[in-house]
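Written below as structure tokens is the structure these notes are about.
The values are calculated or read from the model by the stated rules, or taken from the named source; none is laboratory data. The model shown is predicted, which means the values in this text are computed figures rather than measured ones. As a convention, Cβ positions derive from the backbone with ideal geometry for all residues, glycine included, and neighbour counts pool all protein chains shown. SASA here: full protein model, heavy atoms, side chains in, ligands and nucleic acids out. Shrake-Rupley method; radii C 1.70, N 1.55, O 1.52, S 1.80 Å.
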Amino acid sequence: MRLVDVQQAVAAELARIAPVIDELGELFAAAGHELALVGGPVRDAMLGRHSNDLDFTTSARPEQTDRILRGWGDAWWDMGRDFGTIGCRKGDWVVEVTTYRSEAYDPGSRKPEVQYGDTLAGDLGRRDFTVNAMAVRLPGQQIEDPFGGVVDLANRLLRTPARPEDSFSDDPLRMMRAARFAAQLGFTVDEPVVAAMRGMADRIAIVSAERVRDELVKLVCAPYPRLGLTLLVDTGLADHVLPELPMLKLERDEHHRHKDVYEHTLTVLEQAIDLEDRLGGEPDFVSRFAALMHDVGKPKTRRFLDDGTVTFHHHDVVGAKLTRKRMQALRFSGDEIDAVCHLVELHLRFHGYGSGEWTDSAVRRYVRDAGDQLARLHVLTRADCTTRNQRKADRLRRTYDDLEARIARLSEEEELASIRPDLDGNQIMEILGIPPGREVGEAYRMLLELRLDNGPMSEEDATAALRAWWSAREQ
């Protein structure tokens with residue numbers, strides 16, 4: 001990226017947002033305070049990216065900022081007041097204004113200590129990377145770049161304003177942010193920064209699981225997650241936040257198709273991303289994280305056979321358990337955990353399909369077991385084919401095409417997405433003359449299995465089957 005391109009991009013973006021930033025700049029100046037557009041919006045402007053979410057920094061204290069924004073915006077919030085941040089919405093614009101500050105960790109603390117500062121230069125100096133330590137003073141739109149962020153942006157390089165050891169000591173989460181920005185921007189991380197990450201990786205332990213999780217989600221959903229994940233593994237950070245990933249570097253898969261399962265996993269992730277148009281086209285964390293974790297059960301299930309081959313029997317089940325444990329440790333929601341683990345557990349199911357030998361009953365069970373994750377399971381299963389043998393890859397693709405076509409046909413005929421028995425609980429109780437209880441559940445499950453095996457039945461046939469089952473059960 002040329003410097004002239006950066007300059008042209010920021011000029012165009014500042015012209016677009018001028019009505020908002022200049023008006024706010026004049027309001028703060030009239031009240032005797034400094035104001036500057038700062039951080040991500042400035043960086044993104046130089047990259048030619050547009051956003052209506054704007055971050056500012058100011059000499060005003062939070063209560064003073066609150067008064068100014070209440071006279072300007074349509075809605076306000078102050079959940080970040082303890083950190084010096086007041087938020088506001090006006091029309092399509094969302095702004096957050098934060099008092100000049102510095103924040104640092106005590107050696108054993110999980111929460112940053114916030115102290116207010118008095119200068120823009122001091123505020124920029126405490127930021128994580130030079131490309132985020134640029135500002136535009138308002139009003140007047142004077143660019144402040146004390147640490148060479150413009151040049152680093154042009155060179156696609158991540159550096160810290162201060163010594164990286166000092167920066168990461170102040171806030172260890174910045175090591176995760178380095179990996180995240182590499183994944184988001186496709187930037188190279190400066191070698192001294194990488195060295196500091198490697199030497200201080202264990203310091204990430206003092207950061208809360210929730211903050212680590214949020215950075216990991218942003219990294220996985222970024223355009224270039226391989227860059228960030230590789231950095232986490234190479235620096236040892238992954239050993240603390242996602243240890244299942246570097247463990248895969250030790251394992252070869254059972255077909256010896258890849259250098260190691262780690263490389264296979266990153267390829268599956270990238271192929272899953274290429275298939276996201278099936279899920280709406282936006283980054284889908286559940287699908288991506290399932291791709292990342294689908295083989296984490298292999299290290300624990302590796303077995304060497306007498307003929308020299310390696311097997312990983314039941315690594316799908318073991319992997320689902322390991323994934324659940326890791327996601328719980330990172331404080332993911334129950335719904336996210338269930339979705340990802342379900343996909344990991346099911347990712348091998350298709351391989352029993354062979355060349356299409358499954359009966360309609362087996363196809364119904366595939367759909368039933370996938371439930372609301374069927375579309376994601378299609379993506380994961382297709383992405384999991386990384387063979388370099390083109391004939392084999394084409395055959396697998398055609399076979400899965402056939403399975404999806406059968407699912408579509410049966411879905412149209414039988415409403416597969418909502419498979420249920422042909423009799424409901426009330427009908428079961430009425431036909432058998434029994435009250436609510438365990439027997440009703442048993443009958444319901446029997447009818448469901450019958451439905452999966454045979455497809456839709458008439459009420460008369462279902463009733464006859466229910467009576468025959470009940471009679472045999474009583475005998």
- Going toward the positive end of the dipole of the range 435-475, with +1 on Lys and Arg Cβ and -1 on Asp and Glu Cβ, which of 447, 463, 475 do you reach last? 475
- Message: Apply the a/c threshold of 1.5 to the C-alpha gyration tensor of the chain and tell me whether it is rounded, prolate or oblate.
- Response: prolate
- Extension gain (nm, one decimal) between residue 475 and residue 16, 0.36 nm per residue minus Cα-Cα: 157.1 nm
- Query: By accessible area of protein heavy atoms, probe 1.4 Å, what ranking do 385, 88 get, highest first?
  - Reply: 385, 88
- Message: Give me the extension gain from residue 198 to residue 362: residue separation times 0.36 nm, minus the current Cα-Cα distance, reported in nm with one decimal.
- Response: 54.1 nm
- Message: Using a 1.4 Å probe on the protein heavy atoms only, what accessible surface does residue 234 show? Give it in Å² to the nearest 10.
- Response: 80 Å²
- Note on the structure: A correct Karplus calculation of ³J(HN,Hα) over the range 163-178, with 6.51 cos²θ - 1.76 cosθ + 1.60, θ = phi - 60°, whole Hz and x for Gly and Pro, returns 4, x, 4, 5, 4, 6, 5, 5, 8, x, 4, 4, 5, 5, 5, 4
- Message: Residue by residue through the range 297-305, what is 3J(HN,Hα) from phi via Karplus (6.51 cos²θ - 1.76 cosθ + 1.60, θ = phi - 60°)? Round to whole Hz and write x for glycine and proline.
- Response: x, 5, x, 7, 10, 5, 9, 9, 8
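With all protein chains present, how much of the accessible area of the chain (probe radius 1.4 Å) comes from carbon and sulfur, to the nearest whole percent?
C and S fraction of accessible area: 48 percent.
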- Item | Rounded to whole Hz, the Karplus (6.51, -1.76, 1.60) HN-Hα couplings of the range 12-22, x for glycine and proline | 5, 6, 5, 5, 5, 9, 3, x, 7, 5, 5
- When a/c is below 1.5 the answer is rounded, else prolate if a/b is larger than b/c, else oblate, so apply that to the range 326-473 with a ≥ b ≥ c taken from the square roots of the Cα gyration tensor eigenvalues. oblate
- If you place +1 on the Cβ of every Lys and Arg and -1 on the Cβ of every Asp and Glu, how big does the dipole about the Cα centre of the range 191-317 come out, in debye to the nearest 20? 300 debye
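Counting helices only, and only those DSSP H runs with n ≥ 4, report the 222 nm mean residue ellipticity of the chain as the sum of -39,500 (n - 2.57) divided by its residues, in deg cm²/dmol to the nearest 500.
Numbers: 23 runs with 260 residues, N = 475.
About -16500 deg cm²/dmol.
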- Task: Order the following by accessible area, largest value first: 5, 74. Probe radius 1.4 Å; ligands, DNA and RNA are ignored.
- Result: 74, 5
- Item | Whole-angstrom gap from the range 351-413 to the range 9-63, using each part's C-alpha centre | 51 Å
- Going 7 Å from the Cα of residue 424 in the Cα-to-Cβ direction, what parts of the range 439-458 have a backbone nitrogen less than 12 Å from that spot? none
- Taking a probe of 1.4 Å, how large is the accessible area per residue of the chain, in Å²? 47 Å²
- Message: Defining a contact as two alpha carbons under 8 Å apart and six or more residues distant in sequence, what relative contact order in percent does the chain show?
- Response: 8 percent
- Message: As I understand it, the dipole of the range 180-326 uses +1 on the Cβ of Lys and Arg and -1 on the Cβ of Asp and Glu, about the Cα centre. Which of 189, 228, 201 lies farthest toward its positive end?
- Response: 201
- Taking Cα pairs closer than 8 Å and at least 6 residues apart, the relative contact order of the range 10-143 in percent is 28 percent
- Sequence-distant residues sharing a close amide H with residue 158 (under 5 Å, placed H): 188, 189, 190
- Note on the structure: Between residue 317 and residue 270, the two model label points (7 Å from Cα along the beta-carbon direction) sit apart by a distance in nm of 3.4 nm
- Query: Roughly what would the spin-label model give for residue 277 and residue 151, points 7 Å off Cα along C-beta, in nm?
  - Reply: 4.2 nm
- Message: Please give the charge dipole size of the chain, origin at the Cα centre, charges +1 on K and R Cβ atoms and -1 on D and E Cβ atoms. Round to the nearest 20 debye.
- Response: 1200 debye
- Potential lengthening between residue 63 and residue 4 on full extension [0.36 nm per residue; Cα-Cα distance subtracted]: 17.2 nm
